[in-house]
Amino acid sequence: MGVPQVDYIASLTASDEHLLSAAQVIKPFGSYGLIDDPKSLDISVFKRKSVSIHWELMFTKTLFEGEDLNSQGQILHRVSELVDLRQIRSTRLGSVLELSASSLQQSLDSHQRGSARGKQVFSRPKHWR
């Protein structure tokens, strides 16, 4: 694949589609984190390398009244700082579309064609404000 092996992989979307590629590039004893909800995910591809799997759901602490509930705000604040420092960046590559039936159809069409890249962002229509 021409990609050097890595210690960490953050899989944010289509984890099931990219699992085999991830298994190839992750180093032994690496960490694989995901946030999406694949219909099926056979993590046995990581067993040979003893890769740790980490699943994250933003609301777990609140759903289960987890320990250190306030840390969720601290985490989001830190992410905001990293964005401001340009150490991490958004996956949004396109423009912001005003939410409408036609803009939703346009976004769906680009996903179905396979031409969509990054995150699609919609804004509230002006008449909702």
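For this structure, a couple of remarks:
- Matching option when the condition is at negative phi, in a loop (DSSP other than H, G, I, E, B), surrounded by 10 or more Cβ atoms within 10 Å (Cβ to Cβ) and of a type in the set (S, T, N, Q), among 72, 106, 87, 120: 120
- Check on residue 54, surrounded by 10 or more Cβ atoms within 10 Å (Cβ to Cβ) and within 22 Å of residue 79 (Cα to Cα): yes
- Members of the range 1-46 found to be part of a loop (DSSP other than H, G, I, E, B) and touching an Asp or Glu at 6+ places or on another chain (Cβ under 9 Å), listed by number: 12, 13, 14, 35, 36, 38, 39, 40, 41, 42
- Residues that are more than 18 Å from residue 25 (Cβ to Cβ), in contact with a helix residue (DSSP H, G or I) (Cβ under 9 Å, 6 or more places away or on another chain) and assigned to a loop (DSSP other than H, G, I, E, B), drawn from the range 47-69: 57, 58, 59, 66, 67, 68, 69
- Residue 80 hydroxyl-bearing (Ser, Thr, Tyr), closer than 22 Å to residue 121 by Cβ and assigned to a helix (DSSP H, G or I): yes
- Pairs with Cβ under 8 Å, 6+ apart, first in the range 98-118 and touching a residue at least 24 places away in the same chain (Cβ under 8 Å), second assigned to a helix (DSSP H, G or I): 98/126
FYI, it's all coordinate maths here, none of it is from the lab. Because the structure is a prediction, the values reported are computed rather than measured. FYI the Cβ positions are ideal-geometry reconstructions off the backbone, even for glycines, and counts take in every protein chain you see.
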